[in-house]
Every structure is written in structure tokens, then in C-alpha cells.
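Working notes for the structure below.
All of the numbers you see were taken from the coordinates with simple rules; none came from a lab. The model shown is predicted, which means the values in this text are computed figures rather than measured ones. Methodologically, a virtual Cβ is constructed for each residue, glycine included, from the backbone with ideal geometry; neighbour enumeration extends over all protein chains shown.
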Amino acid sequence: MRIRIRHIILMGFSLLFSISFALLVQVEKPVQVTLKTTQKKYQAGDKIMLDFAYDSTLTFQLFLKNSYGSTLLTSSSGQFIIPEYLAKKRGTLDYFLIHNSKCVFKGDISIHANSDTLVELETYIGPPSIVAGDRDYTMHVVAPTDRYDNPLPDSTKVKFKHQFLGAEKEYEELTKDLIGWRNIFAYEKKGKLLVSSQIGETDSKEFSVEIYPALPEDFAIESFREHNYADGNQIITFSTGIVRDEFDNIVANGTMVNFVIKNQEGTLLKAQGTTVNGIALGKVLHPSYEDVWQVQAFVNGIAKSNTISVVFEAVLEDFEVDFDTSNREIVVGPLRSFMEQIIPDGALVKLEIYKDNKRIETKVKTSFEGEVRFILAEGFYPTGDYDFDISSLGVTKTFKNITLQ
């Protein structure tokens, strides 16, 4: 009897627990959602609305995401209007319908560039300067977009145009990877290349590319001077002919030309000039003594000229030297030039002083009114016998055993 009562009590507790658990646990019913919008593809700028059918007593949110950002929309009617800043951008727009923090529906739509709007062109040209010939080129690049700055789809037709020295050419290319491009090779003549592009009714602005001459070819030189005398005063001018490239273009202004001069002693001198209208000039003073120059010009590492020989004749054969009574004041001159005129001021005169067959000093002065005066002070040059070599304009006179008193 006790066992039955115990069983009855246990069964009662079990039934009570089951009823209580059933009351506590509520089974969540699945949410029924249907997308009534059937369109999947849109053009940028279209008004886009996603229309859902669901229980209006429930609250839903729509989460939107694309490459430009994300946002969260709320609607009580089930109609969600896509914000304009997302509807204007090309690409895939993903959406997620959220209820009680759970995604109950998801999908995506495609937004394409709007080809019905006026096309806008971003055009790039580079480099802005090229060299004449068929080896150098500039690249013309076009990135077409719609009014919302979306790149147009691949295979959009682009017309590339250019004009040079009366010749006009037009080419058609298809865009690929969002851009259209074409290489424009240089012509053989120098000048300005004008470039533009067109898509549909939209034209780009005009761009210009400068075609410069190619590398210079070998050239000729010549010299100009007032006379042939080595007076150390006049200027000799070396001039190139018109320096041209392989296509007969005059080389660009500012091309550096080096004139290299070699005298009879093997000493190298150099003058420089830059081209203006294809001609470069180099100027050098005449030597102060009889000499022969070999002259050649170079555009370093690129072109060279012929070699010319320039002969300079001695401007004087002799000059006067006077010593005072103590031999401590020496007057050289007057120095006379090739027409017996006084040498222009600035002619160099050199005095070398020797004592016991050893050179003890060299003095150099420039002429004034054709003369040079040397003073040998007693404090520096004690009384005794000295030898002197006096040189000017390639002439040297020697005086032996001159006694300084």
C-alpha cells in the first residue's frame, strides 16, 4: 500500500513539472518575409526601393552595404528607399533584413554606370615632350565616367585625335579596365602635337605635346678674328655651322658646345657656347706670343666637328729696355704693335732675376701706355752682379752681369 502511494506521489510531481515546463517554454514561430521587388539591375541615379511583405506588427530594419559605406534603414510599411548617395554609385549593393537582431532575409542588387547622362572625360597626356623620330612616344589616356563619376563599362568606344603640321589623324579604341589609351609616336620633324579625345557628344579639351629635335649629328666649325697677330688683346670667335639632327631639324636652343683648343706646347684651352637657332659661339683672347692652335668642337658624348688650324703671328720683333745709372730702375718699352702703334694697356711683361746662375725672383707687370717700370730696392737686392731675362709678347731679351749699385 505504501509503495502505491509513493508511485502516485511521484507521478503527480512528474505531471506537475511537465505542465510547468510547457507553460514556460514558448516555441518561436518562423518569420515569413517575401521580397516583392523583382528588379535586380539599376542605373546609377535611379530611384531604388526594396519592397518587402511581412507581418506589419513586427519591427524590421534593412542593413545596406557597398564599397562606399553602409547604413541602416527602418520602415513600418516594408518599403525601404535606398539613399541617394548609395544609389548613385556603381557596383554591388548588399542588403540584409534584420528582425530581433537576426538576419531573416538577404540579397543584392547591381548598379551600373548611367550611360544616359552626359559623359565626362578625364584625360591624361604624358610625357609632355618627346624627341623626333620613330622611337619616342607619348601616351594618351582617357577615363570616361558618367555624371556621378562612375567609370563607364569596358568596350566603350573612344575616339583619339591628333594634329601635327597640317596632318590630322583619328583612331578608335575600346576601353578596358575602366580606361582607353593609345600611344602616339613622334614624327620626324620638330613642332607642337595637338591631341584631343571624344566619346559620343562629349569632347575633351585640347592638349599639346612638344616634339623636340633628336640628338645632333657631326657639324662644321670656323673662326673669325680682326687680325692674325698674337697681341693678347683681341678676341677670336669660333662658330659652329647650323647643328642639325639626323632628320635635318635644327637642334634645340641651349645645346651646349665645347670648343677644345690645343696649342703648340700641348696645352689645352676650352671655350663653351650654347646654340641659338642651331649656332653656338665660343670666344677666346688671342695668345700673347706666336702660336698655332688646333681647334675642334664637341657636343659631349654625342657629336663632334672637324678640326681647324689657326695661326697667330708675332706682334713685335723687339722692344727697348733702359736702365738708370744705378741699374735699379728698369723701363721696358715703349711696346709697339704690328702697325707701330702703342700696345693696348695690359700687355704682360715678365722680369726674371738671377744671382750666381740661380733664379731668385720673377716679377710680372702689365703695361700702361706701352711701358712697364721695375724698381729693384736696395733692401731686397744687395749691391752686386745680376742677370736678367725680360719677356713680353713672345720676345725675350737677356742681360748679363748687370751691376746693382
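At a glance:
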| item | result |
| --- | --- |
| Backbone HN-Hα couplings from phi across the stretch 302-312 [Karplus 6.51/-1.76/1.60, Hz, Gly and Pro as x] | 10, 9, 9, 9, 6, 9, 10, 10, 10, 9, 10 |
| Per-bin percent of Cα-Cα distances, the stretch 34-112 [10 Å] | 19, 56, 23, 2 |
| Highest to lowest packing among 322-328, 246-252, scored as the average C-beta count within 10 Å | 246-252, 322-328 |
| Stretchable slack from Lys192 to His112, in nm (0.36 nm times residue separation minus alpha-carbon distance) | 24.9 nm |
| Helix-derived mean residue ellipticity, 222 nm - over the chain, DSSP H n ≥ 4, -39500 (n - 2.57), to 500 | -2000 deg cm²/dmol |
| Residue-by-residue Karplus 3J(HN,Hα) for the stretch 259-275, coefficients 6.51, -1.76, 1.60, Hz, glycine and proline x | 9, 9, 10, 10, 8, 5, 7, x, 6, 9, 10, 9, 10, 10, x, 10, 6 |
| Paramagnetic reach from Val395 in the stretch 365-380 [backbone N under 19 Å; point 7 Å along Cα→Cβ] | 365-374 |
| Alpha-carbon centroids, the stretch 52-89 and the stretch 239-257: separation in whole Å | 70 Å |
| Distance in nm between pseudo-label sites at Glu340 and Ala167 (7 Å out along the Cβ direction from Cα) | 6.9 nm |
| Distant-in-sequence amide H partners of Lys304 (H built 1.01 Å from N, under 5 Å) | Asp218, Phe219, Val299 |
| Of (i) 60, 53, 39; (ii) 170, 74, 32; (iii) 150, 56, 41, the label for Cα extents along the principal axes in Å derived from the coordinates | (ii) |
| Greater than 27 Å apart at Cα, pairs in Lys89/Lys176; Lys88/Lys169; Lys270/Lys350; Lys36/Lys157; Lys89/Lys157 | Lys88/Lys169; Lys36/Lys157 |
| For Gln272, residues with placed amide H under 5 Å, excluding near neighbours | Phe259, Lys283 |
| Whether the stretch 321-404 is rounded, prolate or oblate, judged on the alpha carbon gyration tensor where a/c under 1.5 counts as rounded | prolate |
| Spatial separation of Cα centroids for the stretch 271-295 and the stretch 135-176, in angstrom | 51 Å |
| Span per principal axis, largest first, for the Cα atoms of the stretch 124-250 (Å) | 79, 25, 24 |
| Relative contact order [Cα under 8 Å, 6+ residues apart], the chain, whole percent | 8 percent |
| Nearest-0.05 FRET efficiency for Val141 and Ser101, computed from C-beta distance (R0 45 Å) | 0.40 |
